[in-house]
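J.: What follows is a single structure, and I will ask about it in a moment.
Throughout, read-outs are computed from the coordinates displayed, never taken from laboratory work. Fair warning: this is a prediction, and the values are worked out from it, not measured in the lab. Here the Cβ positions follow ideal geometry from the backbone for every residue, glycine too, while neighbour counts run over all protein chains shown.
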Amino acid sequence: MDMTTTDIADARLVKVIDSRIDAAVAIQFKDTLRAVTQGGPHRVVLDLSDVTFIDSSGLGAVVAGMKLLNGDHVLELACLTPVVAKVFKLTRMDTVFKIHADVAAAFPPAQAS
Amino acid sequence: MIETASHANAFTIRCLSDTFEVRHSLQALIDDMEGRNFLPEERGTVELVLAEVLNNIAEHAYEERGDGAIALDATYIPGGMTFALVDDGKPMPDGQTPLGMPANLDVEVNDLPEGGFGWFLIGELARDLVYERRDTQNHLSFRMILGEG
C-alpha cells in the first residue's frame with residue numbers, strides 16, 4: 001500500500017496510490033495511514049482518486065483508520081470514484097465522513113481579508 | 001488450478017478458495033465483461049458483489065483453508081446477469097444467508113462499525129438471492145440488474 005503526502009496550509013493531503021482497498025490490503029492500509037500521519041497536521045484529507053475498487057473489508061479499514069487517527073487528527077475524504085462512492089452511499093458512511101468532490105474543494109482558496 | 005471459460009452468453013469459473021485464485025478468476029470475469037462493453041461502474045458493482053460472496057465462501061464456508069473448490073457460473077441475460085455459485089464448505093449459519101442490516105452510525109467515532117457491511121452490500125445490489133444447502137454443497141444464486149444507468 002503506497003501513499004504520498006503533501007502538506008497544504010494546515011492540513012496533510014494523503015494520496016492512496018493503489019487502485020484497490022480490499023481484504024488483501026486492509027491491514028497495510030491502516031498501518032501506512034498511521035505512519036504517514038503521525039506527528040503531522042491535525043487535518044488529514046485522503047485523496048482516493050486512484051482507488052477504483054473498495055470492498056467491505058476496505059471500507060472497514062477506512063473506518064478503522066478514522067478511529068486510529070481520532071483525537072490527534074480528523075480524517076476527511078476526497079475524489080471518490082463511482083464504485084467507491086456507491087459503497088459509501090449504500091452503507092451511509094457518506095454521512096459519517098466529510099467528503100470533498102475533489103482536492104480543490106477540500107482546500108478552498110483563503111478568503112481575502 | 002483456475003479454469004475459466006467464456007461462452008456465447010456465459011462465463012464460467014472453477015477455482016480454489018485461495019485469495020490469489022479468487023482474485024485472478026474474478027479479474028478474468030471482469031475482463032470478459034469489458035469485452036462485452038459493460039461500463040466501468042457496472043463491472044465494479046459486479047466485482048464488489050462477487051468479491052463479497054467469494055470472500056464469504058473462503059472465510060466462512062472453507063474457514064480460510066484455501067483449498068476448497070468454488071464453481072461460479074455467470075450468465076449474461078437481457079438487462080443484467082445471473083450468477084450461480086457452488087461450494088463444498090460448511091453451511092451458512094441457521095441454513096440461510098445472514099440478514100444484512102444497515103449499521104447504526106449514530107454513535108461516537110470510536111464506536112463506528114468496522115465490519116458487517118458485506119451481506120448488507122450484497123442485499124442492496126443483488127436481486128432474487130436464493131441459498132440452498134444440497135447434501136454437502138452450498139448453492140447460492142442471484143441476479144443483478146445492469147445497464148439501466
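J.: Taking chain B as a Gaussian network, Cα atoms linked when under 10 Å apart, which of B:Ala103, B:Ala74, B:Ala51 shows the biggest mean-square fluctuation?
T.: B:Ala103
J.: If you don't mind, another one. Between the DSSP loop rule and a limit of at most 14 other Cβ atoms within 10 Å, which trypsin sites (Lys or Arg not before Pro) in the range A:1-104 are left? Please list the in-between numbers first.
T.: On the way: sites: A:Arg12, A:Lys15, A:Arg20, A:Lys30, A:Arg34, A:Arg43, A:Lys67, A:Lys86, A:Lys89, A:Arg92, A:Lys98; in loops: A:Arg92, A:Lys98.
Passing both the DSSP loop test and the Cβ count: A:Arg92, A:Lys98.
J.: Now for a separate question. Which ³J(HN,Hα) values in Hz, rounded to whole numbers, follow from the phi angles of the range B:116-132 under the Karplus curve 6.51 cos²θ - 1.76 cosθ + 1.60, where θ = phi - 60° and Gly and Pro get x?
T.: So the Karplus estimates, Gly and Pro as x, are x, 8, x, 5, 4, 5, 4, x, 6, 9, 9, 10, 6, 6, 10, 10, 9 Hz.
J.: A further question follows. Can you put A:Ser57, A:Ser49 in order, fewest other beta carbons within 10 Å first?
T.: Values: A:Ser57 23, A:Ser49 14.
Arranged by neighbour count, lowest to highest, A:Ser57, A:Ser49 become A:Ser49, A:Ser57.
J.: Something else: Taking only Cα atoms and a 10 Å spring cutoff, compute GNM fluctuations for chain B and point out the largest among B:Leu26, B:Leu112, B:Leu16.
T.: Of the options given, B:Leu112 has the highest mean-square fluctuation.
J.: Something else now. With the cut-off at 1.5 for a/c, could you classify chain B from its C-alpha gyration tensor as rounded, prolate or oblate? Numbers along the way, then the final one.
T.: Numbers: a/c = 1.64, a/b = 1.19, b/c = 1.39.
Note, shape of chain B comes out oblate.
J.: Taking 7 Å along the Cα-to-C-beta vector as the label spot, tell me the B:Glu124-A:Gln28 distance in nanometres, rounded to one decimal.
T.: 2.6 nm
J.: I'd like the trypsin sites (Lys or Arg not before Pro) in the range B:44-149 restricted to DSSP loop residues with at most 14 other Cβ atoms within 10 Å, sorted by number. Provide the component values of the computation, followed by the final result.
T.: On the way: sites: B:Arg65, B:Arg127, B:Arg133, B:Arg134, B:Arg143; in loops: B:Arg65.
Answer by residue number: B:Arg65.
J.: Something else about it: Compute the distance from the alpha-carbon center of the range B:90-105 to that of the range A:6-46, in whole Å.
T.: 32 Å
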